[in-house]
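The values are calculated or read from the model by the stated rules, or taken from the named source; none is laboratory data. What you see is a predicted model; the values in this text were computed from it and never measured. We place every Cβ from the backbone using ideal geometry, glycine too, and count neighbours over all the protein chains shown.
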Ligand code: CTP
């Protein structure tokens, strides 16, 4: 059974789609999952805790202040004992609470305290779904690594139609299986670099670049979702730490290299960071303006992390993947970079300003390996990450079978 031994904490919020969540409990259990249910007060107006308890075969949790539950720190324990938290239906109200970090009932408190992956299945009226507040809340939650399935378009309550219908139980089950990854990379170790590096000129100034870290962070999250024990070595970014990933925060290229080497051995290394190629000899005190010409920066080359990790030897990860950030002759430059650095795959992407790759949410990439060039369609950075993680899992499985 695909979900044998997996533990799902299902939070049912108050919407008419709650009736489908009863079927979801049954479908998850059919696949071997243990399902624990939390219901909000509004959910209990649509379906009864008794129905959910009968289907889950367990007590249903409803009250943050129930003494028996809280004596065991119920809200902390419930998430701690789950592999995945599923919110279905996720109403506009609960999404807003999650985005704002509110914790005024059992469901929202669990969601704030949970350190487990979270999957939401939104369900609401089309106008609520398309409201700027919901769009902003969702974007924020996705940036924090929350996974989403649906909603679908179709007939809604109150004779309306449009996007807002909760995904069907079997679609949610498929998303659960994907989130739990079936462990395609379980037992594997991965190192991912992400973000820019900052190279100090003096105690207050530094050289940097426009990398946001979105792509590298998404890759770390995607590898972790497939079960890889993942270390993310991140330069300074405003991206939140992805769930289920050990994050080492660094500033300079040399710190990034040291952190990567410390994280070895690994099966997989993905170098998505935009590492500064040069550093200056940092002045110990703030450089002062003096009468005369401005100071000249003397730059020295930084270590190349990707090339270092790609060096043959018994500590070389089985698969080393680099990125090629180019503004012209994309494929040609990327192929040359792959050969020069000695990595297995290189992901070429156009970082010229019109492409909007740096800082944006979308990416159009070309995966180059020894077999040739694979052109991927324009995708969100999360989708690029998910596809890459799946390609990596497939490659390692093939190698293991050889
Ligand atoms: N990289 C690295 N360490 C460096 C420079 C780059 O690990 N000191 C890695 C990047 O993480 C990326 C790949 O090398 O995976 C290519 O980076 P890119 O910036 O495209 O190329 P550069 O090596 O910097 O070459 P150039 O600036 O000439 O394009």
Inset, instruction - Give me a count of the residues in region 236-254 that are within 12 Å of the ligand (Cβ to nearest atom) and farther than 23 Å from residue 359 by Cα. - result: 1
Inset, instruction - For region 264-278, indicate whether the set of residues that are surrounded by 22 or more Cβ atoms within 10 Å (Cβ to Cβ), away from the ligand (no atom under 14 Å from the Cβ) and within 28 Å of the chain's Cα centre (by Cα) is non-empty. - result: yes
Legend entry - Number of the condition not met by residue 361 [criteria: (1) closer than 26 Å to residue 230 by Cα; (2) within 15 Å of the ligand (Cβ to nearest atom); (3) in contact with a helix residue (DSSP H, G or I) (Cβ under 8 Å, 6 or more places away or on another chain)]: (2)
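This table checks each residue for (1) without any contact (Cβ under 8 Å) to a residue 60 or more places away in the chain; (2) crowded, with 17+ Cβ neighbours inside 10 Å; (3) outside any helix (DSSP H, G or I).
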residue	(1), (2), (3)
171	yes, no, no
175	yes, yes, no
186	yes, no, yes
193	no, yes, yes
210	no, no, yes
222	no, yes, no
231	yes, yes, yes
238	yes, no, yes
244	no, yes, yes
Inset, instruction - May I ask you to list pairs of residues, at least six apart or on different chains, whose Cβ atoms are under 7 Å apart, with the first in region 341-354 being under 27 Å from residue 316 (Cβ atoms) and the second being surrounded by fewer than 20 Cβ atoms within 10 Å (Cβ to Cβ) and at pLDDT below 95? - result: 348/326; 349/364
Legend entry - Answer residue from region 288-314, given it is at pLDDT below 90 and surrounded by 10 or more Cβ atoms within 10 Å (Cβ to Cβ) and is nearest to the ligand (Cβ to nearest atom) among those: 297
Inset, instruction - With the checklist (1) under 26 Å from residue 381 (Cα atoms); (2) crowded, with 22+ Cβ neighbours inside 10 Å in hand, flag the one item residue 124 doesn't pass. - result: (1)
